[in-house]
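Each remark here refers to the structure printed beneath this line.
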Amino acid sequence: MDSIVIEGGHPLNGEIQISGAKNSAIKLQAVCLLTDKKIVLKNMPRLRDTRFMGQLLAHMGVEVEEGPGPQMSLHAKSLSSTTAPYDLVRKMRATFNVLGPLLARTGKAKVSLPGGCAIGARPVDLHLKAIEALGAHITLDEGYVIADAKDGLRGAEITFPFISVGATEHSILTAVLAKGTTVLSNVAREPEIVDLAECLNAMGAKISGAGRSEIEIEGVKSLGGVTHNVVPDRIEAGTYALAAATAGGKVTLTNLRHDHLGSLWPLIAQAGANVELKKDRVIISRNGDGLRAVDMETQAYPGFPTDLQAQFMAMMTLADGVSIIRENIFENRFMHCPELSRMGANITVTGREAIVRGVKSLRGAPVMATDLRASASLINAGLAAKGSTTVGRVYHLDRGFEHIEIKLGQCGAKIKRVSE
């Protein structure tokens with residue numbers, strides 16, 4: 001099992017190119033199930049999660065080809081299976097999103113209930129209720145969702161009781177081939193949802209309202225092929241921006257959409273780092289000045305992303321003063337706190353709030369990654385800590401960050417991957 005070893009105390013200076021968004025790419029891969037034409041995804045990140053999804057799609061008969069460069073071709077000319085087995089789905093929650101496309105195209109599907117990071121319950125009942133509203137018959141049997149729509153899917157009006165990114169995306173994927181019009185209300189507004197809708201519309205779908213709280217989908221009979229550029233990963237961009245602010249130095253981020261992180265930049269500036277927003281790049285710098293405590297709470301987009309909460313907390317452990325961080329999205333997303341405390345952080349967790357009292361310095365220590373974004377927070381803390389930090393279980397990290405040790409190393413970080 002690999003670990004990441006960091007010798008802290010070295011400012012970051014250089015340029016980092018941001019990869020395509022993991023949270024968009026894995027849903028875009030599922031799009032191929034809706035058509036017998038070829039899908040080509042460019043700006044495609046190469047991650048454990050995208051490989052997992054590729055393996056599941058290949059099991060169903062999809063021709064999957066990686067390269068050249070950051071590109072993946074997917075061709076579901078015919079499907080050899082409409083079953084997504086437990087051994088493939090258990091590794092990643094997003095694989096569950098093959099259910100709707102399979103049902104829309106073939107009228108049947110058998111998909112294992114999902115696995116994934118232990119950062120909260122994240123039930124799939126919203127997904128299933130939406131798919132049932134579109135005309136599917138669903139039963140649960142020995143951990144599998146068995147769905148059929150022998151008479152086809154039909155449009156429906158669906159209002160979600162609370163905002164869910166996954167349920168919004170899954171409903172879109174299911175409804176594009178349904179007869180009639182579907183209206184989705186109280187939906188998520190993330191850039192990844194806009195990216196999914198733009199890809200589907202380029203294939204011939206009729207989706208309007210993506211990025212707003214109500215989406216309308218006029219069903220079409222069939223979809224064509226497409227070549228689509230995956231939107232840049234705002235979470236990766238935010239992680240490296242926070243790394244630069246935490247460790248100090250000057251880092252230029254390229255290939256990103258800074259408007260997708262409008263809630264982050266003011267908080268980094270309030271904390272004491274300099275933020276320069278250019279047309280095609282963002283420059284983060286902090287040279288010598290200390291960090292200041294800033295309160296933060298996670299919210300659905302366009303609020304502060306839950307996927308950056310742990311990285312923001314790592315920065316606040318070194319800030320002058322007391323910051324209060326509230327997690328409103330996932331009920332169990334403070335598992336990184338004990339690991340940061342091993343490095344000398346002063347954090348008190350009460351329910352959904354963490355009180356962070358800044359310390360003058362962190363010290364290197366062996367720590368364990370508990371989930372994808374917690375992994376990144378420990379990396380960022382290790383960059384700023386005195387001495388050596390070893391981050392274990394970095395298979396979590398590899399699910400969502402492409403060559404993080406190389407990208408940081410090119411900016412002067414003393415970081416390496418070691419195999420145990």
Check G54 against each of (1) out of contact with any helix residue (DSSP H, G or I) (no Cβ under 6 Å at 6 or more places or on another chain); (2) in contact (Cβ under 8 Å) with a residue 40 or more places away in the chain and name the one condition it does not meet.
(2)
In the stretch 262-305, which residue that is in contact (Cβ under 8 Å) with a residue 60 or more places away in the chain and within 22 Å of R333 (Cα to Cα) is surrounded by the fewest Cβ atoms within 10 Å (Cβ to Cβ)?
P302
Qualifying position, being touching an Asp or Glu at 6+ places or on another chain (Cβ under 8 Å) and in contact (Cβ under 8 Å) with a residue 24 or more places away in the chain, among A354, A345, A365:
A354
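Name the residues in the stretch 53-93 that are among the small types (G, A, S) and under 28 Å from D371 (Cβ atoms), would you?
Across the stretch 53-93, the qualifying residues are G54, A58, A84.
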Take the residues in the stretch 183-193 that are of a type outside the set (A, V, I, L, M, F, W, C) and part of a loop (DSSP other than H, G, I, E, B), then tell me which one is surrounded by the most Cβ atoms within 10 Å (Cβ to Cβ).
E190
Strands (runs of 3 or more DSSP E) (entirely within the stretch 306-420) containing at least 1 residues that are among the hydroxyl-bearing types (S, T, Y):
322-326, 346-350, 388-392, 414-419
Only one of (1) of a type in the set (D, E); (2) loosely packed, with under 15 Cβ neighbours inside 10 Å; (3) touching a strand residue (DSSP E or B) at 6+ places or on another chain (Cβ under 7 Å) is not met by D259, so which one is it?
(3)
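Residues checked against (1) within 22 Å of A205 (Cβ to Cβ); (2) in contact with a Ser or Thr (Cβ under 6 Å, 6 or more places away or on another chain); (3) of a type outside the set (A, V, I, L, M):
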residue	(1), (2), (3)
K22	no, no, yes
L34	yes, no, no
A76	yes, no, no
L79	yes, no, no
V89	no, yes, no
N97	yes, no, yes
L103	yes, no, no
Could you list, in sequence order, the residues of the stretch 243-275 that are among the charged types (D, E, K, R) and part of a helix (DSSP H, G or I)?
D259
For the stretch 408-418, enumerate the residues that are out of contact with any Ser or Thr (no Cβ under 8 Å at 6 or more places or on another chain) and surrounded by fewer than 23 Cβ atoms within 10 Å (Cβ to Cβ).
G409, Q410, G412, K414, K416
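Residue by residue, here is whether (1) in contact (Cβ under 8 Å) with a residue 24 or more places away in the chain; (2) closer than 28 Å to G20 by Cβ; (3) touching a Lys or Arg at 6+ places or on another chain (Cβ under 9 Å) holds:
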residue	(1), (2), (3)
A167	yes, yes, yes
H170	yes, yes, yes
R189	yes, yes, yes
M203	yes, yes, yes
I207	yes, yes, no
G211	no, yes, yes
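Give the residue, chosen from M368, M313, M343, that is closer than 30 Å to K91 by Cβ and surrounded by fewer than 24 Cβ atoms within 10 Å (Cβ to Cβ).
Step by step, each of M368, M313, M343 is checked, and only M368 is closer than 30 Å to K91 by Cβ and surrounded by fewer than 24 Cβ atoms within 10 Å (Cβ to Cβ).
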Residue, modelled with the lowest pLDDT, within the stretch 355-391, restricted to residues that are of a type in the set (G, A, S) and touching a Ser or Thr at 6+ places or on another chain (Cβ under 7 Å)
A369
Report yes if some residue within the stretch 292-315 is of a type in the set (S, T, N, Q) and modelled with pLDDT under 95; otherwise report no.
no
Residue identified as within 21 Å of R105 (Cα to Cα), assigned to a helix (DSSP H, G or I) and of a type in the set (A, V, I, L, M, F, W, C) among L223, L196
L196
Residues that are outside the structural domain of H336 (by TED's automatic domain parsing) and hydrophobic (A, V, I, L, M, F, W, C), at least 3 per element: which helices (runs of 4 or more DSSP H) completely within the stretch 85-182 meet that?
99-106, 125-133, 165-175
Which of the following residues is touching a residue at least 40 places away in the same chain (Cβ under 8 Å) and more than 21 Å from I406 (Cα to Cα): L79, L88?
L79
Can you run down the residue pairs with Cβ atoms below 7 Å, 6 or more apart or on separate chains, where the first is in the stretch 233-258 and in contact (Cβ under 8 Å) with a residue 60 or more places away in the chain and the partner is assigned to a loop (DSSP other than H, G, I, E, B) and among the charged types (D, E, K, R)?
R234/R257; T254/D280
Out of the stretch 224-247, which residues are in contact with an Asp or Glu (Cβ under 9 Å, 6 or more places away or on another chain), buried (at least 23 other Cβ atoms within 10 Å of the Cβ) and not acidic (D, E)?
V230, V231, R234, I235, G238, T239
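The values are calculated or read from the model by the stated rules, or taken from the named source; none is laboratory data. Source: prediction; values computed, not measured. Glycine also receives a Cβ, built like all others from the backbone with ideal geometry; neighbour counts cover every protein chain displayed.
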